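No value in this document is a laboratory result; all are computed from the given coordinates. On a predicted model such as this, the values are computed, not experimentally measured, just so you know. Positions of Cβ are backbone-derived with ideal geometry, glycine not excepted, and every protein chain shown enters the neighbour counts.
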Amino acid sequence: MSARTPLTPEEKLRAEANFVPLVAEHLTTSGRFRIGADTPELVEMFQNAARGAGELLGRPVVSYANGRYMVITFAESAELSDDQAAGRPEVLPGDPL
């Protein structure tokens, strides 16, 4: 397995800005956004995108990461399962493992 090249600060900002509308769209249509986030860099990037989506939509959001995936959802509708409370996103039918 080869090491990933870290994003430059400019690339991080562009990526976050570009993910905000995508996260916002998924939140408004399905109430959640799930993405592979297996590095601290990706988790941080998607947490920032989640904050931006929350600001865009005018609603608080929460995110959960487990080292493989990250789930972003609206804060007031987030009912934590034991897995989510432990930082593991729920696996819904049809979600790839």
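Stretched out fully, how many nm does the piece from residue 59 to residue 76 gain, at 0.36 nm a residue minus the Cα gap?
On the way: separation 17, 0.36 × 17 = 6.12 nm, distance 0.87 nm.
So the extension gain works out to 5.3 nm.
For a quick check of your reading of the filter: which GluC sites (Glu not before Pro) in the stretch 9-82 sit in a DSSP loop and have no more than 14 other Cβ atoms within 10 Å? Intermediate values should be presented prior to the final figure.
Values: sites: 10, 11, 16, 25, 41, 44, 55, 76, 79; in loops: 76, 79.
Listed in order of number, the matching sites are 76, 79.
Cα atoms only, the stretch 9-76: Rg and Dmax in Å?
Computed over the Cα atoms of the stretch 9-76, radius of gyration and Dmax are 10.9, 33 Å.
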